[in-house]
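See below for the structure under consideration.
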Amino acid sequence: GFAVPKKHQDKAVKIDFHGQPVEIKHGTVVLAAVASSTNTSNHDVMIGAGLVAKKAWELGLERAMKRYRGERVRLSSSSLEKVKPWVKTSLTPGSVVASEYLKHSGLQDYLNLQGFHIAAYGCATCVGNSGDLDKSISAAILENDVVAVAVLSANRNFEGRVHPLTRANYLASPPLVVAYALAGTVDIDFQKEPIGIGKGGQEVYLSDIWPTNEDIEQLVKSSVQPHMFKKTYESIMQCNKRWNALTVPEEALYPWDPSSTYIRSPPYFEGMSMSPPGPPKVKDAYCLLKFGDLITTDHISYSGSIPEDSPAAKYLRSCGVDQKKFSSYGGRRGNNEVVVRGAFANLRIVNKLMDGKVGPKTVHFPSGETLDIFDAAMRYKSEGHDTIIIAGAEYGSGSSRDSAAKGPMLLGVKAVIAVSFERIHRSNLVGMGIIPLCFKPGEDAESLGLTGHERYTIHLPTSIDDIQPGQDVTVTTNNGRSFTCTLRLDTAVRTLELAYFNHGGILPYIIRNQLAGPPR
């Protein structure tokens, strides 16, 4: 599934991991995380994960911790077969209650011994906040194009979301996350192959460490107590001293702080008049990006850490923010300057205009330069050029985050022409004034001979009264091509979505109607 030629599929990269010889291969697990999404609210699977850790330890599959140059590095206390030291592990429950019953049952001690310390409460690895891998592991992956793996108990595994260096990301229950961390690879048949070698040189299989339903039920009954929930949630408004120490403004309206790099007054109403602008006009637009299928909202609006050489990093440095405080794109999504620079910033994104090169770059056609997507978009805007995006099937799949529509709008994108859209993302594009168009069935950019190097004009009626949901729209290019698309204004509440479109998006629509009275 990753286009690795058969002759290279068994390639092993030998590295020195803090004094120990380690082999990194395709399928090697480098991240294993029990994260808050979905599973940590299920006490059965959390207890199950603790029991897997406990049974593995008792049979001699262990993970010892040692300090190395000020960092916590997982090193084997004896045989390398007993531990996979390269796996970065973490436990981030969604509730303090989970840590209470794990502690009460004694299982947190065994999770700690296997490297699954409580690192935080929340999404963490699931939204790309796992932190850096060890430098030797990162170098081995990058220099040898290794398909490294993350295994996590969460609900999102889109490419590039979990970590820029884990091309393969698999969702699993918390007990399986612990098991794969011990195995160190997903290239294993748990029914036939041992996870490792335990005490006395005995092979240890998954079946040897997997708890029974009775094991889990017994510990749930004795350790998951009602008073834990009551105690935790009774004090939830008092237990965070830093939060409670924040000054609360008395103003009815939010007092925007112009120096804040987290929350800024958005630009969505700048230059707005009381008269709706009408349907957008797109003439001689350049193609900013050309995509294949399954571009997710994690490609469009990346949530992970902010790389030091990215446009967002340059902006934050200009504001006096140290690199160690960059945080993540998701954490700074209340700042439109980060939202626009984070649009299409996923390090695994594949823009077909880049001839196979992976990463957030594109071509600025008037100059022929290869630029960061943000820089190219800003140059197009400064030159007075419209831009569009061409995409394949299921454009906008994944989390229905509004920033995946806000980011492209701030970049100056006027339309997206795709084979198909994810339902909510299509609606969000309309809500931000971006035209969603679909190729006709059986057609796409390739079948129509569209390279993305053309300039595009979208022939929409100039009056909203002449636009119908789902109507045909002609698109022409500067090299003489012409094709027909379907206008994806297709909500059941026809007049409302058309009204958003007429007003340039849902936000101007709301403000104009707030000021003018109820909509007519």
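The values are calculated or read from the model by the stated rules, or taken from the named source; none is laboratory data. The structure presented is a predicted model; accordingly, all values stated were derived computationally and were not measured. Reconstructed Cβ throughout: ideal geometry from the backbone, glycine too, with neighbour counts over all protein chains shown. These area figures cover heavy atoms from the full protein model, side chains too; ligands, DNA and RNA do not enter into them. Shrake-Rupley method; radii C 1.70, N 1.55, O 1.52, S 1.80 Å.
A few notes on this one:
- Positive-end residue, the chain charge dipole about Cα centroid, Cβ charges, pick of HIS26, THR92, GLN202: THR92
- Protection-proxy order for peptides 112-125, 84-97, each taking the mean of Cβ atoms within 10 Å per residue, highest first: 84-97, 112-125
- Percent carbon-and-sulfur accessible area, segment 415-520, ignoring ligands, DNA and RNA, probe 1.4 Å: 51 percent
- Helix 494-503 vs. the chain, principal-axis angle (Cα, 0 to 90°, nearest 10): 80 degrees
- Top positive-direction residue, dipole computed over segment 282-516 with Cβ charges, set VAL321, TYR456, SER301: VAL321
- For the chain, a crude dipole built from +1 on the beta carbon of Lys and Arg and -1 on the beta carbon of Asp and Glu, taken about the Cα centre, is about 820 debye to the nearest 20.
- Once you reduce segment 162-180 and segment 414-464 to the center of their Cα atoms, the two points are 35 Å from each other.
- The dipole here belongs to segment 282-516: it is taken about the Cα centre, uses +1 on the Cβ of Lys and Arg and -1 on the Cβ of Asp and Glu, and is about 620 debye.
- Helix 506-516 and the longest principal axis of the Cα set of the chain meet at an angle near 60°.
- By the compact-protein rule of thumb, 2.2 N^0.38 Å, the alpha-carbon radius of gyration of segment 271-428 corresponds to a ratio of 1.02.
- Each peptide in 202-211, 297-306, 430-439 was scored by the mean count of other Cβ atoms within 10 Å over its residues; highest first, the order is 297-306, 430-439, 202-211.
- Taken over the Cα atoms of segment 122-238, the convex hull encloses 180 Å³ per residue.
- Summarising the strand pairing of the chain, around 55 percent of its internal DSSP beta bridges are antiparallel.
- Overall form of segment 312-366 per C-alpha gyration tensor (a/c, 1.5; a/b vs b/c): prolate
- Estimated [θ] at 222 nm from DSSP helical runs (n ≥ 4, -39500 (n - 2.57)) normalised by residues in the chain, nearest 500: -8000 deg cm²/dmol
- The rule of thumb for compact globular proteins, 2.2 N^0.38 Å, goes into the C-alpha radius of gyration of the chain 1.10 times.
- Acute angle (nearest 10 degrees) that the helix 213-223 long axis makes with the longest principal axis of the chain, alpha-carbon atoms: 90 degrees
- Sorting 257-268, 503-514, 474-485 by their mean Cβ neighbour count within 10 Å, with the most densely packed peptide first, gives 503-514, 474-485, 257-268.
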